[in-house]
1. For Ser184, Ser108, what ranking results if the residue with the fewest other Cβ atoms within 10 Å of its Cβ goes first?
2. Please state the relative contact order of segment 157-238 as a whole percent: Cα pairs under 8 Å, 6+ residues apart?
3. Long-range amide H contacts for Arg176: which residues qualify at under 5 Å (H placed 1.01 Å from N, peptide plane, sequence gap of 5 or more or a different chain)?
4. When only C-alpha pairs under 8 Å and at least 6 residues apart count, what is the relative contact order of segment 65-150, in percent?
5. Can you classify segment 78-127 as rounded, prolate or oblate using the Cα gyration tensor, where a ≥ b ≥ c are the square roots of its eigenvalues, rounded means a/c under 1.5, and otherwise it's prolate if a/b beats b/c and oblate if not?
6. Please work out the C-alpha center-to-center distance from segment 167-239 to segment 92-151 and express it in whole Å.
7. Between Ala205 and Asp159, what is 0.36 nm times their sequence separation minus the Cα-Cα distance? Round to one decimal in nm.
8. Using only the Cα atoms of segment 157-238, build the gyration tensor, take square roots of its eigenvalues as a ≥ b ≥ c, and label the shape rounded, prolate or oblate: rounded if a/c is under 1.5, else prolate if a/b is larger than b/c, else oblate.
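A short reminder: the numbers here are calculations on the coordinates, not readings from a lab. Since we're looking at a predicted model, the values are computed, not measured. As a convention, Cβ positions derive from the backbone with ideal geometry for all residues, glycine included, and neighbour counts pool all protein chains shown.
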Amino acid sequence: MGLAIAPALACGTISTRFPIESAAPPSSPTNTPLPTSTPIVIPTPAPSDAGGLGGSTGPEEQGIERTQRSQVPLVVGERARVIARDGVRLRSGASLEAAEVAQLPASSLVLVVDGPFVADGIYWWRVEVVGNSHSGFVAEGWQDAVYLEVAGHEQALVDRAPRAGDTVEVVIQNLRLRQGPNVSATLITTLALGTRMTVQQGPQAADGYQWYEVRTEVGNLTGWAVVAADNVITYKVVE
């Protein structure tokens, strides 16, 4: 009988339902429930301060495109001047939807720190306002209107008494421009650091100060301003 079975095994006509090395069929697997894992909570990172911009992210993080093209030849590391008659908005990001940080009046000086970026069809620059702690993004213009210009360094500020016809530049923040040469005269506006004016006449002495009548280059506002207060020069002659 053993001789008859051997050829059949060699040809594979007889098969088994389990491996030949097993003494018995394997037992059915037991459905053991998997242990329940404890959920892992991933903390949400707090927004970064992004350079003092009130928690806003940088333009690249917002998906805003950096570009090499621009209408105004501003230079990172150099100053620019606001020339828009009504001033320009300083925003927390390079977008029209970004929160407004401050309103920069005409003639404000800013230091360009990054850019340009393009968003909403507008070129944006990241700036720091000269003379205070504000920083953010400003649009350089819209369509044919230009809001910023390069603040030139070809002229120097000199310490001498102004004369009629001189161009002078404000060297403090918030210089008061009044309707008359005295501290009781109606306040017209306050002038930002870097505002340029043309001297009309003066000086006139009143209230312990020397006053000059001046006209601003941007906006053509005319009024009186003291040339020094508490031993601090308020504006200097541009030569």
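1. Values: Ser184 8, Ser108 31.
The order, fewest Cβ neighbours first, is Ser184, Ser108.
2. Values: 200 pairs, mean separation 29.5, N = 82.
Result for segment 157-238 is 36 percent.
3. Leu191
4. Details: 213 pairs, mean separation 30.1, N = 86.
It rounds to 35 percent for segment 65-150.
5. Working: a/c = 1.72, a/b = 1.25, b/c = 1.38.
The shape class here is oblate.
6. Measuring centre to centre over Cα atoms gives 26 Å.
7. Working: separation 46, 0.36 × 46 = 16.56 nm, distance 1.91 nm.
Length difference between fully extended and current span is 14.6 nm.
8. Details: a/c = 1.28, a/b = 1.11, b/c = 1.16.
Since a/c stays below 1.5, the shape of segment 157-238 is classed as rounded.
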